[in-house]
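The values are calculated or read from the model by the stated rules, or taken from the named source; none is laboratory data. Please read all numbers here as calculations on a predicted model, not as lab measurements. Methodologically, a virtual Cβ is constructed for each residue, glycine included, from the backbone with ideal geometry; neighbour enumeration extends over all protein chains shown. Protein only, heavy atoms only, side chains kept; ligands, DNA and RNA dropped before computing areas. Shrake-Rupley method; radii C 1.70, N 1.55, O 1.52, S 1.80 Å.
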Amino acid sequence: MSLSPQQLSAQIRTDAVELGFNSVGICPAVTPTGIDHFHQWLDAGYGGQMHYLEARRAAYAHPRHVLDGVQSIVMLTLGYRTEAPEEPGPGAGRISKYAWGEVDYHDLIHARLKQFKQRILAACPEASVRGVVDTAPLLEREFAQLAGLGWIGKNTLLLNRQAGSLFFLAAILLDQPLDYDDPHTTDHCGTCTACLDACPTDAFVEPYVLDATRCISYLTIELRDPIPRELRAGIGDWLFGCDVCQDVCPWNRKAPLSEIAEFQPPAGNNPIELRSLFDLDDETFRTRFRKSPLWRPRRRGILRNAAIVLGNQPAEASIAALRKGLDDAEELIRGASAWALGQHASPGVAEILKRRREIEPVADVREEIKLALEELATTGQH
């Protein structure tokens with residue numbers, strides 16, 4: 001005997017709790033209300049090098065492109081807030097809270113979604129079901145709002161009055177009708193502009209519009225090229241990602257703590273020591289970070305970021321690591337290390353740069369060295 005939409009929905013809500021998700025909302029599979037805004041955002045170039053967004057532009061128009069025949073979407077949240085972030089000292093950098101753990105959240109959530117799918121199929125064998133975690137062409141925040149889980153804030157993140165924004169979103173699509181929740185129609189940001197005012201790189205064009213090409217998370221994770229010179233100082237001490245707009249959001253003050261072991265930061269991730277990263281070759285980097293979110297930018301991206309952070313906090317003790325970076329096989333790392341050394345007004349740094357200039361084969365890196373030497377010349381270091 002088939003379950004009614006109400007019975008299947010009740011079972012899904014029970015399963016969500018039993019599988020450890022923090023909240024669940026159900027909405028119809030329709031064209032998202034923000035699709036025009038998404039197209040305008042892409043057309044403005046705010047997606048930068050995230051070319052996969054443009055390549056799948058048409059697919060975002062309806063969830064049927066994720067699951068043929070889809071009728072309903074189950075939206076789920078899983079909180080990742082653990083301990084308070086510690087202040088990095090010299091030679092250390094910050095990692096965004098969501099990436100503190102040693103397991104990639106995609107793997108952890110997909111394992112739960114697989115169990116969820118099996119439960120749905122056990123209750124409704126005729127169903128077609130697919131679980132996704134931020135990799136399918138689905139405007140998750142739009143559907144989470146439609147499912148009643150919160151509103152999209154001025155920092156473009158989904159906000160919930162009880163949970164703030166420190167959670168992952170996941171979705172289950174199925175070709176069955178369900179009992180739908182009322183959409184969340186109230187915006188509780190009010191007149192607050194804390195997130196917009198605090199952004200170190202002025203990435204918000206206006207409320208609710210983020211220029212990803214200026215966002216620290218994009219710059220340290222998605223960008224494959226050198227970080228633009230005018231934005232490097234704004235990176236501050238962020239090695240991977242950024243939490244600034246979430247840290248200042250009043251709704252995150254009482255966000256609940258997660259007890260999920262995989263989200264707890266191991267010793268050395270809150271914060272992370274940077275200088276020793278330059279001792280890692282490709283194999284040792286892979287061994288350390290392969291299963292964590294920090295694998296996404298690969299070694300070349302992480303060491304580029306580490307060099308920028310060390311340039312933003314000049315210290316004599318960092319020069320040896322940056323010198324190693326200046327001789328790295330990756331030109332991206334060499335260029336960032338050259339810039340960073342140019343921020344160190346210490347005796348001998350200019351000679352290090354000049355020696356590298358003599359043998360540097362890449363024009364862009366030679367230009368970084370040239371500009372670094374000019375920077376040092378203004379401080380009297382020749």
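Taken over region 163-191, the residue count meeting the criterion of being in contact with a Phe, Trp or Tyr (Cβ under 9 Å, 6 or more places away or on another chain), farther than 28 Å from G69 by Cβ and not aromatic (F, W, Y) is 9. Condition check for A136 on (1) among the hydrophobic types (A, V, I, L, M, F, W, C); (2) free of Cβ contacts under 8 Å to residues at least 12 places away in the same chain; (3) open to solvent by less than 30 Å² (accessible area, probe 1.4 Å): one failure, at (2).
Within region 251-276, the set of residues being in contact (Cβ under 8 Å) with a residue 24 or more places away in the chain and open to solvent by 50 Å² or more (accessible area, probe 1.4 Å) comprises W251, R253, K254, P256, L257, E262, Q264, E273, R275.
Identify the residue in region 146-157 that is of a type in the set (A, V, I, L, M) and buried (at least 24 other Cβ atoms within 10 Å of the Cβ) and, among all such residues, is farthest from A203 (Cα to Cα). Talk me through it step by step, then tell me what you get.
Our first condition is that a residue be of a type in the set (A, V, I, L, M); within region 146-157, this holds for 146-147, 149, 152, 157.
Add one more test, that the residue is buried (at least 24 other Cβ atoms within 10 Å of the Cβ), and what stays is 146-147, 149.
Numbers: L146: 26, A147: 28, L149: 26 Å.
Once the filter is applied, the top-ranked residue is A147.
Against the list (1) within 20 Å of the chain's Cα centre (by Cα); (2) at pLDDT below 95, the condition G89 fails is (1).
Only one of the listed residues (L138, L166) is under 22 Å from V248 (Cβ atoms), aliphatic (A, V, I, L, M) and at pLDDT 95 or above. That residue is L166. Of all residues in region 31-43, those satisfying the criterion of being assigned to a loop (DSSP other than H, G, I, E, B) and surrounded by 15 or more Cβ atoms within 10 Å (Cβ to Cβ) are P32, G34. In region 1-24, the residues that are closer than 20 Å to E126 by Cα form Cβ pairs under 6 Å with partners that are open to solvent by 70 Å² or more (accessible area, probe 1.4 Å) and part of a helix (DSSP H, G or I), at six or more places apart or across chains, as follows: D15/R119. Annotation note: of I109, I120, I172, the sole residue that is farther than 30 Å from G268 by Cβ, β-branched (V, I, T), part of a helix (DSSP H, G or I) and open to solvent by less than 20 Å² (accessible area, probe 1.4 Å) is I120. Looking across T82, T77, one residue alone is in a strand (DSSP E or B), of a type outside the set (G, A, S) and either modelled with pLDDT under 95 or surrounded by 14 or more Cβ atoms within 10 Å (Cβ to Cβ) (or both). It is T77.
Checking every residue in region 185-208 against the condition of being closer than 22 Å to L303 by Cβ and open to solvent by 40 Å² or more (accessible area, probe 1.4 Å) gives at least one match.
A317 meets each of the listed conditions (1) crowded, with 18+ Cβ neighbours inside 10 Å; (2) touching a helix residue (DSSP H, G or I) at 6+ places or on another chain (Cβ under 8 Å); (3) in contact (Cβ under 8 Å) with a residue 60 or more places away in the chain apart from (1).
So which residues in region 315-332 are closer than 14 Å to I352 by Cβ and not in a helix (DSSP H, G or I), if there are any at all? Result: D327, D328. Taking the criterion of being under 22 Å from K291 (Cβ atoms), open to solvent by 30 Å² or more (accessible area, probe 1.4 Å) and part of a loop (DSSP other than H, G, I, E, B), the residues of region 86-105 that qualify are E102, V103, D104.
Select the helices (runs of 4 or more DSSP H) contained entirely in region 215-304, then report the ones holding at least 2 residues which are at pLDDT 95 or above and in contact with a Cys (Cβ under 9 Å, 6 or more places away or on another chain).
On the way: elements: 229-235, 244-247, 282-289.
The helices (runs of 4 or more DSSP H) meeting that bar are 229-235, 244-247.
Residues of region 212-236 that are touching a helix residue (DSSP H, G or I) at 6+ places or on another chain (Cβ under 9 Å), acidic (D, E) and open to solvent by 70 Å² or more (accessible area, probe 1.4 Å): D225 alone. When S346 is tested against (1) under 19 Å from F278 (Cα atoms); (2) of a type outside the set (A, V, I, L, M); (3) open to solvent by less than 20 Å² (accessible area, probe 1.4 Å), just one condition goes unmet, and that condition is (1).
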